[in-house]
Amino acid sequence: MRRFLFLLLTTACVWAPTLAGRAGQGTAPAAFPLTVDSITRGPDLLGAAPTGLRWSGDSSRLYFEWTKPGEDEPSTYVVGRDGGEPRKLTDEERKLAPPPNGRWDRAHRRVLFADDGDIVIVDSVAGTRRQITRTTERESNPQWARDETHVTFVREGNLYIVPIEAGGNALVTQLTDVSTKKPEPRLTDSQKYLKEEESKLIEYTREQIEKKKKAEAKEEADALPRLELAEGQSAVDLQLSPDGAHVFVLVNERARGAKATSVPSYVTESAYVEEIPGRTNVGDAQNTRKLAILNLETKKSVWADGGFAGDAPPRAGDQAEKPGPRAINWGMPEVSADGKYAVGYARAFDNKDRWLALIDPETGKSSVLDRLHDDAWIREVRGGFGGFGNVARFLPDNRHIWFVSEKDGWAHLYTEDVSAASPQAVQLTSGRWEVTSADLTPDRQHFLFVSTEVHPGERHVYTMALDGGPRTRLTTLTGAHDPEMAPDGSMYGDVYSYSNKPPELYLVAAQPGASMRQITTTPTAEWRSFKWADPEVVIFKARDGAEVYARLYTPEMLGAKRDRTRPGVVFVHGAGYAQNAHKYWASYYREYMFDNLLISRGYVVLDVDYRASSGYGRDWRTAIYRHMGGKDLDDIVDGAKYLVTAQKVDPKRVGVYGGSYGGFITLMAMFTAPDTFAAGAALRPVTDWAHYNHGYTANILNEPQDDPRAYEQSSPIYFADGLKGALLICHGMVDTNVHFQDSVRLVQRLIELHKKNWELAVFPVENHGFVRASSWADEYTRILKLFEENLRLKR
């Protein structure tokens with residue numbers, strides 16, 4: 001199995017005294033200085049988690065990518081199934097190793113992948129590499145075909161196939177002719193008349209016309225299966241059905257009239273200001289994904305029918321008498337191994353419906369297998385531990401599909417018999433917990449999945465029969481586990497972490513409660529020498545009675561004393577749909593270290609999983625529909641009240657900080673709850689949601705032209721007049737995600753409102769996620785100064 005996108009990339013492990021001397025450990029550690037300059041060294045202290053786990057086909061070796069502290073990029077390592085010291089591969093050895101992402105054959109021995117635009121096969125047992133293509137064109141999306149005797153790939157918008165056992169005599173064959181239709185020359189009325197008269201009067205002209213028709217008919221008979229695209233359309237992916245009868249073509253239709261933003265870069269090699277191409281804003285015209293199907297024998301093509309979506313709902317201000325068809329985006333279908341069934345995935349433009357549909361490749365007609373509807377917005381859940389997971393995938397019988405869905409309000413496993421006369425989804429797991437990742441075991445006889453069943457802040461590994469029933473829990477250590485099962489099913493690699501222990505790789509027998517053998521130790525000895533706080537996961541009651549999970553940091557965790565002024569800080573994680581109040585290593589590791597710095601100075605810190613955070617089900621996720629800065633902000637304000645009542649923090653000495661979505665919430669807190677927070681640091685914040693991207697924002701707030709009220713009540717720029725406390729705004733000037741323009745527009749608003757107690761810090765060379773340690777240090781020095789002057793030291 002490949003790594004799964006729903007698990008945080010920074011899951012990890014604990015160290016036990018018996019594991020001293022493992023890979024990456026140094027000599028006697030130097031004392032770790034808990035300062036801003038020290039903690040913002042980031043990767044120079046912690047490196048990066050082992051990622052990209054993949055086993056050799058004989059289950060004897062586990063390969064992974066690993067970045068040690070101070071290194072700029074990951075290297076490939078290998079360790080035997082019996083453990084021991086992992087070995088770094090040379091550049092030549094790396095070419096013979098299976099890649100982090102590729103398509104394995106059924107035996108899990110050979111892996112197929114694109115390497116710098118060429119197609120390659122590596123035999124993971126023999127340790128051999130075979131170059132399938134070597135061209136100046138770029139080939140992509142290779143797949144096994146014809147019972148794994150051939151390989152298909154995409155080149156310049158068309159599908160090609162090549163046998164893999166023909167040695168140097170392999171013939172590359174083009175299967176499709178996908179091209180943009182050339183417009184017919186437009187004749188004037190005079191030109192049409194002369195042309196028609198010529199064929200009437202001159203026999204030679206008539207003969208030439210007949211010859212041309214015959215030549216075109218012969219050319220058509222000998223031509224490849226053709227799909228003519230309209231102007232603005234392009235083929236982005238092509239897939240041959242397992243039976244070799246059809247080619248599915250995913251077509252992108254470029255939006256007309258859309259206007260992309262641009263981001264100016266001021267510090268450049270040329271010494272001139274350069275423009276970085278940006279994105280469109282929410283509500284602007286969006287591209288469309290359509291699905292075409294080519295019959296390779298008849299050469300006929302059809303388009304997948306999305307009629308099941310019905311008519312579009314009327315838009316605000318739309319005077320049309322009859323709405324047109326509802327707009328949907330198609331995904332590449334999942335096709336059964338015998339080629340009999342093709343299950344397509346479609347999502348409505350308004351994000352409120354998702355369909356799984358059985359597609360007839362001959363006619364393009366489709367019938368709905370499963371519909372997921374949400375009055376707010378649907379959550380797309382893809383199966384598999386990463387790599388090439390689709391929304392729905394087939395079980396070994398080629399009749400049943402399996403998928404993860406929020407149908408009952410929580411992400412759970414379902415199966416469905418697509419061959420049934422009246423297909424119905426069957427729920428296999430249930431409860432107030434979520435399946436966060438899932439796949440089949442290597443023998444394809446069980447599910448292997450990770451879930452939050454034990455606790456919302458833990459991730460444990462389970463197996464279960466394909467028809468459901470009792471679940472077998474494999475892992476026991478508190479924290480998060482991210483497994484990669486060996487092909488023989490006897491053991492797995494596990495990237496495991498705990499709250500104060502960063503990610504490491506373990507080898508574990510595939511048995512319940514098996515012991516874990518640590519393979520890597522990533523952070524420096526200096527970093528490990530410090531006794532980092534183990535935050536407590538607490539629950540407090542929100543004003544509406546909801547139970548809110550949060551991480552609590554107190555000075556006592558570091559053996560420190562609370563400052564006599566009793567200051568407190570609330571940290572707000574980013575992304576909105578993310579989780580940070582858990583019992584494993586946080587992706588916000590700099591903020592984790594900064595919170596340690598704060599409590600060492602006597603602060604109490606609360607890290608809240610506010611409404612919209614992940615891991616708590618559908619209702620929690622969608623509680624911010626049409627009002628970001630509503631329920632989510634209430635939870636932050638109520639978290640501050642928890643600090644006051646339960647932790648005896650001075651109500652006049654509470655601060656708040658966060659980045660991206662956390663920066664947005666910080667602004668809303670400072671503007672709309674000014675008596676709760678004395679100081680706030682808004683980092684790379686969204687200030688006006690009408691200026692953010694479409695994919696994220698339209699889910700939650702609809703489109704600004706249709707729902708302006710949602711945008712106005714959710715955007716801090718409309719509430720800037722409420723600022724009372726001390727505000728720090730930090731923003732990278734080459735931020736291609738939340739544009740620097742967001743902060744510039746807010747600053748202009750603050751100036752016009754004659755607000756004084758604010759500061760803007762700009763970082764000329766930083767994007768949304770800072771890279772340079774000096775930038776991180778400058779930013780967090782300013783945050784610390786803000787809190788010290790306004791919370792702890794202020795008299």
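The values are calculated or read from the model by the stated rules, or taken from the named source; none is laboratory data. Not measured: the values here are computed from a predicted model. Neighbour counts run over all protein chains shown; Cβ positions are idealised from the backbone, glycine included. What goes into the accessible areas is simple: the full protein's heavy atoms, side chains included, and nothing from ligands, DNA or RNA. Shrake-Rupley method; radii C 1.70, N 1.55, O 1.52, S 1.80 Å.
Annotations for the structure displayed:
- Considering segment 658-740, its Cα convex hull presents a mean projected area of 5.2 nm².
- Share of alpha-carbon pairs per 10 Å distance bin for segment 644-702, given as whole %: 23, 40, 25, 11, 1
- Debye intensity ratio I(q)/I(0), log10, segment 128-237, q values 0.10, 0.14, 0.16 Å⁻¹ (C-alpha model): -0.53, -0.78, -0.89
- Of the residues VAL454, SER437, ALA309, the one whose Cα sits farthest toward the positive end of the charge dipole of the chain, with +1 on the Cβ of Lys and Arg and -1 on the Cβ of Asp and Glu, is VAL454.
- Burial order of peptide ranges 140-151, 744-755 (average beta-carbon count within 10 Å, highest first): 140-151, 744-755
- Sequence of SER714, SER419 when ordered by accessible area, the most exposed leading, probe 1.4 angstrom: SER419, SER714
- Accessible surface, per residue, of segment 405-533 when the full set of protein chains is kept, probe 1.4 Å, Å²: 33 Å²
- Gyration tensor verdict on segment 468-537 (Cα atoms; rounded if a/c is under 1.5, prolate if a/b is larger than b/c, oblate otherwise): oblate
- Gyration tensor over alpha-carbon atoms, segment 733-795, equivalent ellipsoid semi-axes in Å: 23, 20, 7
- Dipole of the chain, positive end: most advanced residue of LEU238, ALA550, MET485 [Cβ charges, Cα centre]: ALA550
- For segment 184-266, with all protein chains in place and a probe radius of 1.4 Å, 50% of the accessible heavy-atom surface sits on carbon or sulfur.
- In terms of overall dimensions, segment 331-449 has a Cα radius of gyration and Dmax of 13.8, 43 angstrom.
- Dipole check for the chain: with +1 at the C-beta of Lys and Arg, -1 at the C-beta of Asp and Glu, and the Cα centre as origin, the magnitude is about 1780 Debye.
- Rg and Dmax of segment 664-795, Cα atoms only, in Å: 15.1, 49
- About the Cα centre, charge dipole magnitude for segment 458-570 (Lys/Arg +1, Asp/Glu -1 at Cβ), debye: 640 debye
- Panel note: the C-alpha atoms of segment 75-202, placed on their principal axes, show extents of 89, 29, 23 Å (largest first).
- A straight Cα-to-Cα reach below 18 Å connects LYS218 with the aspartates and glutamates ASP177, GLU207, GLU210, GLU297, residues fewer than 8 places away in its own chain not being considered.
- With bins 20 Å wide beginning at 0, the percent of Cα pairs of the chain falling in each bin runs 14, 43, 34, 8, 2, 0.
- Relative intensity of segment 241-321 on a log10 scale, I(q)/I(0) at q = 0.15, 0.27 Å⁻¹, equals -0.83, -1.23, per a Debye sum over C-alpha point scatterers of equal strength in the absence of solvent.
- For segment 405-464, the alpha carbon positions stretch 41, 30, 12 Å along the principal axes, listed from largest to smallest.
- The share of C-alpha pairs in segment 572-633 whose separation exceeds 17 Å stands at 45 percent.
- Computed about its Cα centre, the charge dipole of segment 559-619 is approximately 280 debye, with only Lys, Arg, Asp and Glu carrying charge at their Cβ.
- Every helix of 4 or more DSSP H residues in the chain counts as -39500 (n - 2.57), and over all residues that averages to -5000 deg cm²/dmol at 222 nm.
- Farthest positive-ward along the chain dipole, Cα basis, beta-carbon charges - from LEU62, LEU633, PRO33: PRO33
- Where HIS460, HIS694 fall by accessible area, highest first, once all protein chains stay in place (1.4 Å): HIS694, HIS460
- Counting only the Cα atoms, segment 400-544 fills a convex hull of 133 Å³ per residue.
- If you bin all the Cα-Cα distances of segment 156-207 at 5 Å, starting from zero, the percentages per bin are 4, 14, 11, 10, 10, 7, 7, 10, 10, 7, 7, 4, 0.
- Less than 5 angstrom separates the built amide H of ALA411 from those of VAL435, all sequence-distant by 5 or more or on a different chain.
- 37 °C / 0.692 mPa s Stokes-Einstein diffusion coefficient of segment 713-765, Kirkwood radius on C-alpha pairs, µm²/s: 280 µm²/s
- Rounded Å value of the spacing that divides the Cα centres of segment 753-788 and segment 350-366: 48 Å
- LEU201 exposes around 130 Å² of accessible area when a 1.4 Å probe is run over every protein chain in place.
- Taking one quarter of the surface of the C-alpha convex hull of segment 476-633 gives a mean projected area of 11.9 nm².
- Each listed q (0.21, 0.22 Å⁻¹) maps to a log10 I(q)/I(0) for segment 194-287 from the Debye sum over equal C-alpha point scatterers, namely -1.08, -1.11.
- In segment 599-689, the alpha-carbon atoms span a convex hull of 105 Å³ per residue.
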